[in-house]
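> Pasting in a structure now, in structure tokens, and then I'll have a few things to ask.
Read-outs: derived from the displayed coordinates by stated rules, not from any lab. Please read all numbers here as calculations on a predicted model, not as lab measurements. Here the Cβ positions follow ideal geometry from the backbone for every residue, glycine too, while neighbour counts run over all protein chains shown.
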Amino acid sequence: MNNYTLYRMFDILLSAVGLILGWPILLLVYCIGLTDTGKPIFIQKRIGKNGQLFTLIKFRTMPIQTKSIATHLVDASSVSKIGSFLRRTKLDELPQLINVFLGSMSFVGPRPCLDNQQDVIEERVKLGVLKVAPGITGLSQIRHIDMSTPKLLAETDAEMINTLTVRKYFQYIIATVSGAGRGDRLKD
């Protein structure tokens, strides 16, 4: 069995446990989101493994009419008060457990970008980053590197892919849950 088969087994097991144990939180955030934006689930096409599009699922943190652009280009004032809390606590990412369970994402991998982020895609193609499933967290998130620096992001993602071990897989998850991973910064 290769390591990626092992990581996939961990992904299935951990996402199933997360969905089973986390359903009350998912339901609560969904209900709160109904009062915040009226449509608490955010669905968006992203670039996945081998450059294929997949549907990413998250809790909505911005108004429905917000343009589909990279997060670092979105003004921080666009995030709702509840959305700000969800982002800070990473609760907006919980629905991605469905993506992980279904196999379009992994717990650990490069963050999936939009199909209009050509600079990120080009850098990732050069370094073979798109050969793996995107992830909820990874080395770039732990190091606070976002999509505003495509070359550095792709280099860090490639480093993670080429050095990933079972130990590092769990270290990235634990570091993210304990507050190290941040995701993309909003525009100031």
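> Under the rule of at least 5 residues apart or a separate chain, name every residue whose amide H is placed under 5 Å from the amide H of residue 106.
For residue 106, the qualifying residues are 135, 136.
> Moving to a separate point now. Using modelled backbone amide H atoms (1.01 Å from N, in-plane), which distant-in-sequence or interchain residues come within less than 5 Å of residue 115's amide H?
Here 47 satisfy the definition.
> Antiparallel versus total DSSP beta bridges in the chain: what percent is that, nearest 5? Show your work: numbers first, answer last.
Numbers: 7 of 10 bridges.
Beta bridges within the chain, antiparallel portion: roughly 70 percent.
> Okay, moving on. Calculate the dipole size of the stretch 3-177 relative to its Cα centre from +1 charges on Lys and Arg beta carbons and -1 charges on Asp and Glu beta carbons; express the result in debye to the nearest 20. Numbers along the way, then the final one.
Numbers: 20 positive and 13 negative charges, 41 e Å.
Charge dipole, the stretch 3-177, about its Cα centre: 200 debye, nearest 20.
> Amide H of residue 42 versus every other amide H placed in the peptide plane: which residues, excluding those fewer than 5 positions away on the same chain, fall under 5 Å?
Here the answer is 58, 59, 60, since their amide H atoms fall under 5 Å of that of residue 42.
> Now a separate question. Here is the link list: 90/131; 58/131; 49/126. Which ones come out longer than 19 Å on Cα distance?
On the way: 90/131 26 Å; 58/131 23 Å; 49/126 14 Å.
Check vs 19 Å cut-off fails for 90/131; 58/131.
> What is the Å³ per residue value for the convex hull set by the Cα atoms of the chain? Walk me through the numbers before you get to the answer.
Details: hull volume 20.0 nm³, N = 188.
It is 106 Å³ per residue.
> Counting other Cβ atoms within 10 Å of each Cβ, which GluC sites (Glu not before Pro) in the stretch 77-184 have at most 14 and sit in a DSSP loop?
Details: sites: 93, 122, 123, 155, 159; in loops: none.
Nothing satisfies the criteria.
> Using a simple charge model, +1 on the beta-carbon of Lys and Arg, -1 on the beta-carbon of Asp and Glu, nothing else, what dipole does the stretch 6-60 show about its Cα centre, in debye to the nearest 20?
Working: 7 positive and 2 negative charges, 53 e Å.
Computed charge dipole of the stretch 6-60: roughly 260 debye.
> Cα centroid distance between the stretch 94-127 and the stretch 148-167, in Å?
The stretch 94-127 and the stretch 148-167 have Cα centres separated by 12 Å.
> Hey, another quick one. Looking at the chain, do any whole DSSP H helices span at least 30 angstrom along their long axis by alpha carbon and average -0.5 or above on Kyte-Doolittle, and which? Please report the intermediate quantities before stating the final value.
Values: long enough: 3-36 (43 Å, 1.32).
Span-like helices in the chain: 3-36.
> Which whole-Hz couplings ³J(HN,Hα) result when phi for each residue of the stretch 93-106 is put into the Karplus expression 6.51 cos²θ - 1.76 cosθ + 1.60, θ = phi - 60°, listed in order with x for Gly and Pro?
8, 3, x, 5, 4, 5, 4, 5, 4, 6, x, 7, 9, 10
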